[in-house]
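Notes follow the structure.
None of the figures in this text is laboratory data; all of them are computed from the coordinates on show. Not measured: the values here are computed from a predicted model. For neighbour counting, all protein chains shown are included, and Cβ atoms are generated from backbone atoms with ideal geometry for every residue, glycine included.
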Amino acid sequence: MDLAYRYQLLPMSFSCLTTIVLLLGSALALVKDGRDEIDRLALLEFKARIADPSGVLSSWNDSSHFCDWDGVTCGRKHRRVTILDLGSKRLSGVVPPHIGNLSFLRVVHLENNSFHAKIPPHFGHLLRLIRLSLNNNSFSGQIPSNLSYCSNLLVLDLGFNMLKGNLPIELGSLSKLQGLILQANSLMGNILPSIGNLSSLRVIATSGNNFDGMIPETLGQLRNLTVLSLATNKFVGTIPISIFNISTLTWLDLGENKLEGGLPSDLGFTLSIIEFFILGSNHLTGPIPESICNASNLKLIYIEENNFTGKVPSFSKIKGLYRFIQQLRR
């Protein structure tokens with residue numbers, strides 16, 4: 001091909017290339033706008049299907065971009081909804097399934113409202129979710145098993161609702177979970193032994209339910225655990241020795257169960273930073289270990305309504321300690 005002819009073709013080639021780039025840019029913009037539209041419509045459906053007596057969602061209209069609506073936070077780059085913060089807004093009704101269309105959601109705060117009915121399984125579509133806070137509502141039914149699809153979940157807070165049934169086995173696969181908060185529901189059955197494999201767990205709060213059976217020995221594997229609250233259930237048997245070896249514990253509450261057996265003699269050394277030690281209203285026996293006095297951070301010890309024997313250790317070195325210990329039989 002003649003060199004001059006090639007040079008004549010170059011401008012035409014650049015022109016075609018420019019056209020293609022512009023078309024691609026337009027197509028990408030349309031795709032982006034389409035994705036934005038999904039979020040906008042999902043939020044509007046959410047607003048339309050719940051009751052908002054205080055008008056906190058009044059900014060949710062087409063006079064502004066949805067990223068500027070109250071309670072909504074978007075990512076800086078993609079302008080997709082990443083946080084929905086509607087806690088304590090006096091909202092009520094049934095959470096619509098459209099919330100599952102907000103595929104970039106990372107944090108959901110719907111606590112302290114009056115939502116009812118079942119927790120939508122559509123939360124399980126939110127694969128980027130790291131925090132789901134639905135506590136202090138009136139949710140009923142069972143915990144959706146497909147919440148296990150939210151593999152990035154760090155905090156699952158479903159406390160103070162009316163949930164029932166067993167814990168879904170699938171929850172034992174949430175390997176990044178740091179907080180499992182389920183207190184004050186009507187959940188039943190056993191605590192899953194697989195919970196002991198969730199090595200990132202820092203808080204387990206399941207008090208005020210109807211859990212029964214024995215406390216799993218595997219919970220002692222949780223070396224980052226700071227709070228273990230299993231009070232006011234129907235647990236039986238002895239307290240696993242492994243629980244007393246979780247040196248990171250600051251709060252241990254196993255009160256108001258049907259636990260029996262004794263306490264290890266060295267618990268004041270193995271639980272050296274414990275602050276709240278609550279084992280009241282069980283069937284525990286034997287002496288109260290003298291070593292408990294070495295737990296110098298102790299703020300509250302409540303072990304009344306058991307069958308301990310011997311003498312009460314001297315707690316004189318621990319300042320500001322609240323003690324609830326019944327007179328022991330010798």
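Normalised by the number of residues in the chain, the average gap of Cα pairs under 8 Å and 6 or more apart makes the relative contact order 7 percent.
Rounded to the nearest 10 degrees, the inclination of helix 3-49 to the longest alpha-carbon principal axis of the chain is 40 degrees. The HN-Hα couplings worked out from phi for segment 224-231 by the Karplus form 6.51 cos²θ - 1.76 cosθ + 1.60 (θ = phi - 60°) are 10, 5, 10, 10, 10, 10, 10, 5 Hz, whole numbers, x standing for Gly and Pro.
Its DSSP H runs of at least 4 residues, each contributing -39,500 (n - 2.57), put the calculated 222 nm mean residue ellipticity of the chain at -5500 deg cm²/dmol, to the nearest 500. With a threshold of 19 Å on the Cα-Cα distance, the over-threshold entries among 118/176; 89/164; 164/258; 299/319 are 118/176; 89/164; 164/258. Each Lys and Arg adds +1 at its Cβ and each Asp and Glu adds -1 at its Cβ; summed about the Cα centre, the chain shows a dipole of about 380 debye.
Express the relative contact order of segment 178-293 as a whole percentage, based on alpha carbon pairs under 8 Å and six or more residues apart in sequence.
Once divided by the residue count of segment 178-293, the mean separation gives 20 percent.
Cβ-Cβ distance of residue 296 and residue 202, R₀ of 25 Å, FRET efficiency by 1/(1 + (r/R0)^6): the value works out to about 0.65.
Couplings for segment 278-293, taken from phi via the Karplus curve 6.51 cos²θ - 1.76 cosθ + 1.60 with θ = phi - 60°, read 10, 10, x, 6, 10, 10, 6, 10, x, x, 7, x, 4, 5, 4, 5 Hz in order; Gly and Pro are left as x.
Annotation: extensible slack from residue 48 through residue 162 equals 38.6 nm (criterion: 0.36 nm per residue apart, minus Cα-Cα distance). Our Cα-only numbers for the chain put the radius of gyration and Dmax at 27.6, 113 Å. The residues packed around residue 64, meaning those with a beta-carbon under 15 Å from its beta-carbon, carry a net charge of -2 if Lys and Arg are +1 and Asp and Glu are -1.
Whole-Hz Karplus values for segment 173-188 come out as 9, 7, 5, 9, 4, 10, x, 10, 10, 10, 5, 6, 10, 10, 6, 9 Hz, taken residue by residue from phi with 6.51 cos²θ - 1.76 cosθ + 1.60 and θ = phi - 60°; glycine and proline positions read x. On the basis of the beta-carbon distance and an R0 of 22 Å, residue 41 and residue 77 show a calculated FRET efficiency of 0.55. Shown is the FRET efficiency for residue 321 and residue 58, computed with R0 = 51 Å from the Cβ-Cβ distance and rounded to the nearest 0.05: 0.50. The residue list 159, 251, 280 was ranked by how far each Cα lies along the charge dipole of the chain toward its positive end, using unit charges on Cβ atoms, and 251 comes out on top. Between residue 65 and residue 114, what is 0.36 nm times their sequence separation minus the Cα-Cα distance? Round to one decimal in nm. Once the chain is fully extended between residue 65 and residue 114, it gains 14.9 nm.
The Cβ shell under 11 Å around residue 187 holds other residues with a net charge of 0, Lys and Arg each +1, Asp and Glu each -1.
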